[in-house]
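Heads up: the structure comes next, in structure tokens.
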Amino acid sequence: MPTTVRAVFLEDDASDRRRYAQRLTHSRSLDVRPLEFRGDGSEVSEILKAGPDVVLLDYELIIGRPENRVQPGRGSTFAALLREKLPDKPIVLVTRGSLIESAAFGSAIDLSAAFDEVVRKDHISNNPQQVRETLISLVTGFHILASKRRRDWKSLLAIVGAREDEEDLVQRASPPILPVSDREWRTSELARWIRKILLGYPGILYSALFVSTALGLSVKSFASHPVQAYFVEAKYTRPFQPPGGAWWKGRVLDLAYSLLEKAQIPPTQYTEFGAAWSKLKRSHLSRSTCLWSKKPGADCVCYLEQQPVLRQFSLPYRPDSRPDVMDEARVSFKAIRESEKFDEELVAPDSRHLVRGIQRGATSR
């Protein structure tokens, strides 16, 4: 893994090409080379000659500009060719914020399996360091996967650090290969699965928000040094570890169970972890607070608000096609009443009849 990550940025607009390459380039971490996209295929040899660690491709090369200076579809064909030529390197789509919610954007992503990350141009302008860190993390993870000679089921488990008792959970999370398969996983496939499925949905791994809520703690209390030290064995330390950290859910609950049992608190009441900690460690941990009722001990997370909520003040929500092994999504009464992003059709059918009453102000269930 080189000290300085090398990138090429393909863009047909000369001004954007220079501006964003300069904004991202940092002498000690990331070197971005601007490259003109001409659409005649000659760029491929230039890219291969440059030997980049990551390729950045402007979104409008995929859909075509309104004035039709670039033919729609040519960019997506080019991206697929890049994936064939650079199977172990990440390919990143760069887009303007105004385009990211468009129908054309969704179609482009659906049609191409070539893109490993999406970066907004306004984020490059406003927070280049954060974008650099994202790109460097992506390259580092790809490098780890690409360095593996064996690409079978056992190597997949070793890469993510799954224990023997977690193998079944991993298998149920729709990995790119299965134990009975004799095919090899591909770097881009495995990278996408780790980032978008294993780390993307709560259930096998938890973010700090989900861990703290499962334990009935505030995020601040969970982030305290003594608590972090207690759960260090549960932390995910493998490729694509997110900036805020991730923890194996089962390992967290095992460690919590042990403390609750020692404190003589029913060991299945995980949200009482703070009480057990106070009893045994003689230090106070603040509790999670429900965003709807303001009561302590919130035990799940609202999908739309990304804040803790008591389960009794939320409904099952189905916003995506996450594997069944992952935790069910929940939507809070607050989001049902106030969020513009709330979609009644995504509420579980057997709970949908409750929506109207919640929106009218009735909160009892």
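FYI, it's all coordinate maths here, none of it is from the lab. What you are looking at is a predicted structure, and each value in this text was computed from that prediction instead of being measured. All Cβ positions, glycine included, derive from the backbone under ideal geometry; neighbour counts span all protein chains shown.
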Study note, to complete from the structure: Placing +1 on each Lys and Arg Cβ and -1 on each Asp and Glu Cβ in the chain, then taking the dipole about the Cα centre, the residue among Ala214, His284, Leu145 whose Cα reaches farthest towards the positive end is His284
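Set the Förster distance to 25 Å, then compute FRET efficiency between Arg183 and Ala348 from the Cβ-Cβ distance, nearest 0.05.
0.10
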Point to revise | Options Ser174, Ser155, Thr187, ranked by Cα towards positive dipole end of the stretch 148-198, top entry (Cβ charges) | key: Thr187
Practice item. Counting only GluC sites (Glu not before Pro) that are in a DSSP loop and have at most 10 other C-beta atoms within 10 Å, tell me the longest site-free stretch of the chain. Key: 102-339
Point to revise | Mean ellipticity per residue at 222 nm, deg cm²/dmol - from DSSP H runs of n ≥ 4 across the chain, formula -39500 (n - 2.57) | key: -10500 deg cm²/dmol
Practice item. Determine how many Å³ per residue the convex hull of the Cα atoms of the stretch 289-365 encloses. Key: 90 Å³
Exercise for review: Take the alpha-carbon positions of the stretch 201-288, form their convex hull, and give its projected area averaged over all directions (one quarter of the hull surface) in nm².
Suggested key: 5.2 nm²
Revision key, fill the gap. Here the stretch 245-253 yields Karplus 3J(HN,Hα) values (6.51, -1.76, 1.60; θ = phi - 60°; whole Hz; Gly and Pro given as x) of x, 8, 9, 5, 4, x, 5, 4, 5
Practice item. Mind checking the full-extension length gain between Asp13 and Gln130? Use 0.36 nm per residue of separation minus the Cα-Cα distance, one decimal, nm. Key: 39.7 nm
Review point. How long, wide and thick is the chain, going by the Cα atoms along their three principal axes, in whole angstroms, largest first?
Key: 69, 50, 43
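Can you give the extra length, in nm with one decimal, that the chain gains between Ala50 and Glu261 once fully stretched, where that is 0.36 nm per residue apart less the Cα-Cα distance?
70.1 nm
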Exercise for review: Restricting to the chain, compute how many DSSP beta bridges are antiparallel as a %, nearest 5.
Suggested key: 40 percent
Review point. Of Lys249/Lys279; Lys220/Lys262; Lys220/Lys294; Lys121/Lys334, which ones are farther than 28 Å apart at the Cα?
Key: Lys121/Lys334
Point to revise | Packing-based ranking, highest mean first, of 273-282, 191-200 given that Cβ atoms within 10 Å are counted | key: 191-200, 273-282
